[in-house]
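Asker: Questions regarding the structure given below will be posed in turn.
The values are calculated or read from the model by the stated rules, or taken from the named source; none is laboratory data. In this text the structure is predicted, and so the values were computed from the model without any measurement. So basically every Cβ, Gly included, is an ideal-geometry build from the backbone, and we count neighbours across all protein chains shown. Accessible surface is based on the protein model in full, side chains and every heavy atom, while ligands, DNA and RNA are left aside. Shrake-Rupley method; radii C 1.70, N 1.55, O 1.52, S 1.80 Å.
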Amino acid sequence: MPTPPDPEQPHPGPVLEPVRVLRLRRFDALAELMREVRPDPVTYRPAGSAAEEETQELPPVPAAPGGTGSGRALRRAAVAVAVAAAALVGFGCALLLPGRQQAAATVRPTPPATTAPPATPATPTPTAAPTPTAVTDPDGPGTLRQGDTGPEVTELQERLLRIPDVYRDGSTGGTYDTTLTAAVARFQLWYGISGDETGVYGDDTRRALESRTALGDDS
């Protein structure tokens, strides 16, 4: 397109036409580059109908004779094998489960823990009672005093009854009471017996009384 001249400043020279710039296409630039690299000229064909014409379709592979039947037979055999394997697995599980249940049922029960019998307490051995040691009477063995009873007291009472006014109308019941104590003290005082305790029938009093009285066995 020509450039309109400026009306204010007209160009003195001739009018210049625009120059058309030609740019090489990519394929032409690549061809030029290949010509520089290789001495033989190489022509490239653009992809188009000619390339499609040169492309040939491969012929179909012919099916092998009896292929359809053999494929079906193989599939049937595989299905049969799978079914048989599943049946074997199920049968094995059916055999194992009752065996496990029976084994669990027949587990030997643990015996209960036996408790030890309670220990019997040790029977205490009876210890012999200590024998009382004979207390030595200061008035001598066979001494009688207030509170004693028995045939020896009865004998004492009978002997005192033989002494006049010592044990007048006294009892012979065999009990050493206050009346008998007073009678023994009176006998000791009257006959001057000082070896025994007052009112106690000791050895000295016994010898003095027996020497002055005589019972039926002593005569």
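Asker: Which of the residues that make up segment 147-191 are surrounded by 15 or more Cβ atoms within 10 Å (Cβ to Cβ), in a loop (DSSP other than H, G, I, E, B) and in contact (Cβ under 8 Å) with a residue 40 or more places away in the chain?
Answerer: If the condition is that a residue be surrounded by 15 or more Cβ atoms within 10 Å (Cβ to Cβ), in a loop (DSSP other than H, G, I, E, B) and in contact (Cβ under 8 Å) with a residue 40 or more places away in the chain, then 163 is the only one that fits.
Asker: Of all residues in segment 196-214, which are within 18 Å of residue 141 (Cα to Cα), assigned to a loop (DSSP other than H, G, I, E, B) and open to solvent by less than 50 Å² (accessible area, probe 1.4 Å)?
Answerer: Taking segment 196-214 first, the residues within 18 Å of residue 141 (Cα to Cα) are 196-210.
Now restrict to residues that are assigned to a loop (DSSP other than H, G, I, E, B): 196-200, 202.
Those that are within 18 Å of residue 141 (Cα to Cα), assigned to a loop (DSSP other than H, G, I, E, B) and open to solvent by less than 50 Å² (accessible area, probe 1.4 Å): 196, 199, 200, 202.
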